[in-house]
Structure formats: C-alpha cells, structure tokens
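Take a look at this one; I'll ask things after.
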Amino acid sequence: MPNIEPNTKPSISQNFSLRVYYEDTDAGGIVYYANYLKFFERARTEWLRELGINQASFLEQNIGFVVRKVEMDNVASAKLDDLLNVNSTITTLKRASLVFHQQITNQAQQVICTAKVQVACVNFQSHDSKRAKPMAIPESILGAFKRVC
C-alpha cells in the first residue's frame, strides 16, 4: 500500500513511451545500464509537464528537484529499436520530498528495469553556495501531485 501524505488515496500512474536509439546502446546493441536512469528522468519530467508544472519557471526562482536516492533493479536487457514504456507512480508524498516507483517494459510487456527514486525539493539560493537547501514543495506543485495521489 502506498504511503501517501497527507491523503491516502491510491496513486495514479503515468506512462511514457520511447524508442531505443543507437546512441542508447553499447557496441552489442544492448541499452547501457545508466541510460535507464535517463529514461526514468524523462518520464518524470514529462509527467510534470502534463501536470502543468513548468520546471524552468521554478528554476528561475531557484527552486528545483534533485534525486536523493535511487534503488534500481536491471531485470532484463532492452535492445536497439525496442519500444519501451516507462510507468511512473508516486508512492510517497511528503512536505519536501516524494518517492516514485518506476518500471520499464518492452513491447512484449517484459519488465526490463524497475526503480524506486526519492526526489527532494531544494532551494538553490542558499547561503552555502556549495549545497542546495531542502525546502517545502511549493503549494502549486504539491497541489498538482495531490491530484494524482
């Protein structure tokens, strides 16, 4: 059961499709493992866009999201020209962070990779320029997340 704060409704998931290009693969035509992280990032970013969240405008205000922790399991290999689907679900929503469960499947519905990604909201305009300061997720963003949780 997802741990959603402050409400406890089940999460709604989002799907993002992409094709594996030559640039995503190694010499053998297999997706290089680190590229799955890029695919997960693209899916989260597109979901924010669908929710009407313009990350560029928040960055202009020195507000952003950073990945704090990733647990990834490479189950099978994707190959050149595979059509992949990235399914994303918010499983935990807190004041300053959220956790996504993400899964990549291929056109045969075979699970390729899964990840649990913890993302934190930060203020980049900190007195310590070497470190962003955690902050509460702005209400306009939190409200969008609450609509899908």
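Any read-out appearing in this document is the output of simple, stated calculations on the displayed coordinates, not a laboratory observation. Please read all numbers here as calculations on a predicted model, not as lab measurements. Glycine gets a Cβ as well: all are built from the backbone with ideal geometry, and neighbour counts include every protein chain shown.
Considering only DSSP beta bridges where both residues belong to the chain, give the percentage that are antiparallel (nearest 5).
95 percent
Just to confirm a number: summing +1 for Lys and Arg and -1 for Asp and Glu over residues other than LEU80 whose beta-carbon lies under 15 angstrom from that of LEU80, what do you get?
Around LEU80, the charge tally is -3.
Also: Between THR25 and residues 5 or more places away or on another chain, which pairs have amide H atoms under 5 Å apart, with H built 1.01 Å from N, and which residues are they?
Result for THR25 returns TYR32.
In whole Hz and in residue order, list the ³J(HN,Hα) couplings for the stretch 105-114 that follow from phi through the Karplus curve 6.51 cos²θ - 1.76 cosθ + 1.60, θ = phi - 60°; x for Gly and Pro.
Whole-Hz 3J(HN,Hα) from phi for the stretch 105-114: 10, 9, 5, 8, 6, 7, 6, 9, 7, 10.
Pop out the ³J(HN,Hα) list for the stretch 22-27 in order, Karplus 6.51 cos²θ - 1.76 cosθ + 1.60 with θ = phi - 60°, rounded to Hz; leave Gly and Pro as x.
3, 5, 8, 10, 8, 5
Another question, if that's okay. Kindly identify the stretch 1-115 as rounded, prolate or oblate by the Cα gyration tensor criterion: order the square roots of the eigenvalues as a ≥ b ≥ c, call it rounded if a/c is under 1.5, otherwise compare a/b with b/c, prolate if a/b is larger, else oblate.
Taking the square roots of the gyration eigenvalues as a ≥ b ≥ c, the stretch 1-115 is prolate.
With springs only between Cα atoms under 10 Å, which of ALA78, ALA56, ALA132 fluctuates most in a Gaussian network model of the chain?
ALA56
Please turn the phi angles of the stretch 57-74 into ³J(HN,Hα) values with the Karplus equation 6.51 cos²θ - 1.76 cosθ + 1.60 (θ = phi - 60°), one per residue in order, whole Hz, x for glycine and proline.
Along the stretch 57-74, the couplings run 5, 6, 4, 4, 9, 6, 10, x, 10, 10, 7, 9, 8, 9, 10, 10, 10, 8 Hz.
Quick one: angle between helix 35-50 and the longest Cα principal axis of the chain, in degrees between 0 and 90, rounded to 10, please.
The angle comes out at about 50 degrees.
On to the next question. Please give the contour-minus-distance gain from ALA108 to ALA136: 0.36 nm per residue of separation, less the Cα-Cα distance, rounded to one decimal in nm.
6.0 nm
Going by amide H atoms built from the backbone, whose H comes under 5 Å of the H on ILE112, apart from near neighbours?
Correct list: ILE104, THR105, ASN106.
Subtract the Cα-Cα distance of GLU41 and ALA56 from 0.36 nm times their separation in residues, and report this length gain in nm to one decimal.
Result for the pair: 3.9 nm of gain on full extension.
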